[in-house]
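Since the structure comes first, as structure tokens, the remarks are kept for the end.
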Amino acid sequence: LVESWSFLDTVESNFRPLVVIELGKGTKEETIEWLTKRIVDKKANGGAQLLIKPLVTENGVENIYLVGASHLRLLLGAETVGLVKECNDNSMRTFTYSSRKTFKHFADDNHNFLTMGECQYIIKHELENLRAKNEKMIPGYPQAKLYPGKSIVRRLLTSGILVQIFPLHDREELKKLSHSWYGRVKVGYQPLDDIRCYFGETIALYFGFLEYFTFALIPMAVIGIPYYVFAWEDYDKYVMFATFNLLWSTVILEVWKRICAILTYRWGTLLMKRQFEEPRPGFHGVLGINPVTGREEPVYSSIKRQLRIYLVSLPFVCLCLYFSLYVMMIYFDLEQWALDYHKENESNFSSLMLYVPSIIYAVVIEIMNRIYRYAAEFLTSWENHRLESSYQNHLILKVLVFNFLNCFASLFYIAFVLFDMKLLRQSLATLLITSQILNQFAESLLPYWLQKRYNRRMKKRMCSKKTDMDLSLAEQVNMEKEMGTYLGTFDDYLELFLQFGYVSLFSCVYPLAAVFAVLNNITEIYSDALKMCRVYKRPFAEPTANIGVWQLAFETMSVISVVTNCILIGMSPQVDALFPDSKMDLVLTVAFVEHLLLAIKFIMAFVIPDKPRDIQMKLAKLEFESLEALKQQVRAFQMQL
């Protein structure tokens, strides 16, 4: 690999723009020259060895640059990032340039061996790994300090010199994907492999989970309709439904692990080795030496971080939780007012007024969730976590705790303090439906409408100008740089997590929750697809082997649902009547059933393997071959000695 870098040419006649770099207006010329030199410089000199050229418009050269790479450079980059590709013997192996001929569909003139998403991921990796050598500052900006080993791109971003880096859309491929994905209403599976090739594994896995979760909800919806219609007040008839719900929630999560393993093995990410995690962009501290890598990097005291977490972040989260409970009590005051108003008037209008407090509360919940999200991001960033994984875990924990309490506290209060099953059913239905409508509007319809307006204005402006330049490329870049940035799958998974809570926590009270969840998710698939293709910039592909901490979050919710449903069934008059003499017997029976169901859940989770047998065998075979190859290398080295 090292020898390959030495003869790699940085000039290619067929330049294919893959990534856009936008610099701030008024960026100094010496800064631009220094950055472009570092991008095209050879790897041996600390460069990225990529191709770059400015975007020429009718006004001349703007501070927008297009980045690409030669075919050979991308192949060597694929080895560097550890991409896994399919071999001629149908096995999946880590790509190496020296053994390139053994990989399926490889040819020296086949420039489609790597997908466009993989090429853009390689370029992003190389740009992010451009590191300062002897520079003490960014040329032209003395306040933007550098030190050996510091990521140049991250410093440019934090200094405001670099506005953004984003991958370009492939308009023809996007058109084909849009047509097969959401262009026509059909009953069938999503083109997950095509989504993965275009957007990467992280986004494809989200849509795979969304599709799987929607299909998994259908049995609950089908069973829930007759229960809702024929057994409205007979809670003892819900015992079978609730039991099925609890076993269902365990099975679908375990089966998803297997489906996830099948998908990620086929895509190669199940085998990708996790690289040593670099410090996140926002991490700062005094320059020191990393004891593991020996590199110079910022060092920040873990004691200071813990003090920030426990003395500032934790009290703030508790204060927000208290405020959420305070708002909840105001909601119950409104409910009581609406009930009193209905008793006095007994009209159609007063009947409608009974739903108004729940609708207002649902809107307030959504607003509070979004405001808290910004506060949680600020606090987690201020805590100064070194690794991106640590930052994400602390952020997810903060957001999940608040969202869980904010969305479900009122339902727990109604169920276990007020013991009002009718109000619980009404509140659950209103919260679920209102949150779904608000999310669809805020996440898809409004951004799509705003983006469409901007595109119309941009097309009129571009078409009115007479120029000999490549109008289509300039138009595409100018349109895409103004599009919104997709911030990742966090909010999408959070929405599904809360929906799973509405469906599973109080299933024996409102069986129709699964029906509304299915209807919402069907529209969610189409609206999210539209959002990815038409509203946001193309995100960089990110390899992943699973849905991460969200799997644990869903499993935790399913455990909580066992407890809530067992208590609700135990509180029903029919079950209560079975223990007229001793309430302690009732409590012990409910506790026994709850522990039994939990035991069944954990046994099922243990019995159902996370990976199918054939994939386990393939992984074991690859591990054996790797060990044998290592042994041969050791023997060859010993013989040389």
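The values are calculated or read from the model by the stated rules, or taken from the named source; none is laboratory data. None of the values given here were measured: they were computed from a predicted structure. In this analysis, Cβ positions are derived from the backbone assuming ideal geometry, glycine residues included, and neighbour counts consider all displayed protein chains. Calculation scope for accessible area: heavy atoms of the full protein, side chains included, ligands and nucleic acids excluded. Shrake-Rupley method; radii C 1.70, N 1.55, O 1.52, S 1.80 Å.
A compact table of results
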| read-out | value |
| --- | --- |
| Some residue of segment 171-181 being assigned to a loop (DSSP other than H, G, I, E, B) and in contact (Cβ under 8 Å) with a residue 40 or more places away in the chain | no |
| Segment 296-329, residues that are surrounded by 13 or more Cβ atoms within 10 Å (Cβ to Cβ) and under 30 Å from LEU352 (Cβ atoms) | PHE323, SER324, LEU325, VAL327, MET328 |
| Selected residue (criterion: least open to solvent (accessible area, probe 1.4 Å)) from residues of segment 567-581 that are part of a helix (DSSP H, G or I) and touching a residue at least 60 places away in the same chain (Cβ under 8 Å) | LEU568 |
| Qualifying residue in segment 34-53 (condition: within 24 Å of TYR141 (Cα to Cα), assigned to a strand (DSSP E or B) and either in contact with a Phe, Trp or Tyr (Cβ under 7 Å, 6 or more places away or on another chain) or among the small types (Gly, Ala, Ser) (or both)) | yes |
| Some residue of segment 255-262 being open to solvent by less than 50 Å² (accessible area, probe 1.4 Å), modelled with pLDDT of 85 or more and more than 30 Å from PHE506 (Cβ to Cβ) | yes |
| Candidates ILE122, ILE152, filtered to the one that is at pLDDT 90 or above, surrounded by 19 or more Cβ atoms within 10 Å (Cβ to Cβ) and not assigned by the TED database to the domain that holds GLU542 | ILE122 |
| Residues (among the polar types (S, T, N, Q), without any contact (Cβ under 8 Å) to a residue 12 or more places away in the chain and assigned to a helix (DSSP H, G or I)) located in segment 582-619 | GLN616 |
| Pick from segment 339-360, criterion in a helix (DSSP H, G or I) and in contact with a Ser or Thr (Cβ under 7 Å, 6 or more places away or on another chain), ranking: least open to solvent (accessible area, probe 1.4 Å) | SER358 |
| Evaluation of SER180 against (1) more than 22 Å from GLY68 (Cα to Cα); (2) of a type outside the set (Lys, Arg); (3) in contact with a Pro (Cβ under 9 Å, 6 or more places away or on another chain); (4) buried (at least 21 other Cβ atoms within 10 Å of the Cβ) (one fails), failing number | (4) |
| Residue that is open to solvent by 30 Å² or more (accessible area, probe 1.4 Å), in contact with a Leu (Cβ under 9 Å, 6 or more places away or on another chain) and closer than 23 Å to LEU400 by Cβ, where the choices are VAL549, VAL562, VAL503 | VAL549 |
| Test: residue in segment 501-516 that is touching a residue at least 60 places away in the same chain (Cβ under 8 Å) and within 30 Å of LEU168 (Cα to Cα) | no |
| Flag if LEU162 is open to solvent by less than 30 Å² (accessible area, probe 1.4 Å) and outside the structural domain of GLY288 (by the TED database) | yes |
| Only one of VAL634, VAL587 that is at pLDDT 85 or above and surrounded by fewer than 16 Cβ atoms within 10 Å (Cβ to Cβ) | VAL587 |
| Index of the failed condition, HIS385 passing every other in (1) assigned to a helix (DSSP H, G or I); (2) modelled with pLDDT of 85 or more | (1) |
| Qualifying position, being hydrophobic (A, V, I, L, M, F, W, C) and open to solvent by 20 Å² or more (accessible area, probe 1.4 Å), among ILE371, ILE365 | ILE371 |
| Tabulated pairs, segment 43-55, first outside the structural domain of GLY77 (by the TED database) and modelled with pLDDT of 90 or more, second among the hydroxyl-bearing types (Ser, Thr, Tyr) and outside any loop (DSSP other than H, G, I, E, B), C-beta under 8 angstrom, 6+ apart or interchain | none |
| Subset of segment 598-619 that is over 17 Å from CYS260 (Cα atoms) and touching a helix residue (DSSP H, G or I) at 6+ places or on another chain (Cβ under 6 Å) - its residue that is most open to solvent (accessible area, probe 1.4 Å) | MET604 |
| Which listed residue is in contact with a Ser or Thr (Cβ under 8 Å, 6 or more places away or on another chain), of a type in the set (A, V, I, L, M, F, W, C) and open to solvent by 10 Å² or more (accessible area, probe 1.4 Å), from LEU51, LEU35, LEU74 | LEU51 |
| Residue list for segment 125-143, restricted to those being assigned to a strand (DSSP E or B), surrounded by 16 or more Cβ atoms within 10 Å (Cβ to Cβ) and over 32 Å from the mean Cα position of the chain (by Cα) | ILE138, TYR141 |
| Among residues of segment 528-562, those that are within 28 Å of LEU18 (Cβ to Cβ) and in a helix (DSSP H, G or I), counted | 8 |
| Criterion (modelled with pLDDT of 90 or more and surrounded by 12 or more Cβ atoms within 10 Å (Cβ to Cβ)) met by exactly one of VAL61, VAL81, VAL67 | VAL67 |
| Selected residue (criterion: modelled with the lowest pLDDT) from residues of segment 339-382 that are among the hydroxyl-bearing types (Ser, Thr, Tyr) and out of contact with any helix residue (DSSP H, G or I) (no Cβ under 7 Å at 6 or more places or on another chain) | SER347 |
| Yes/no for TYR486 being open to solvent by less than 20 Å² (accessible area, probe 1.4 Å), of a type in the set (Ser, Thr, Tyr), at pLDDT 85 or above and assigned by the TED database to the domain that holds ASN403 | no |
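One line per residue, one yes/no per condition, for (1) without any contact (Cβ under 8 Å) to a residue 60 or more places away in the chain; (2) outside any loop (DSSP other than H, G, I, E, B):
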position: TYR65; (1), (2): yes, yes
position: GLY77; (1), (2): yes, yes
position: ASP108; (1), (2): yes, no
position: PHE113; (1), (2): yes, no
position: GLU118; (1), (2): no, yes
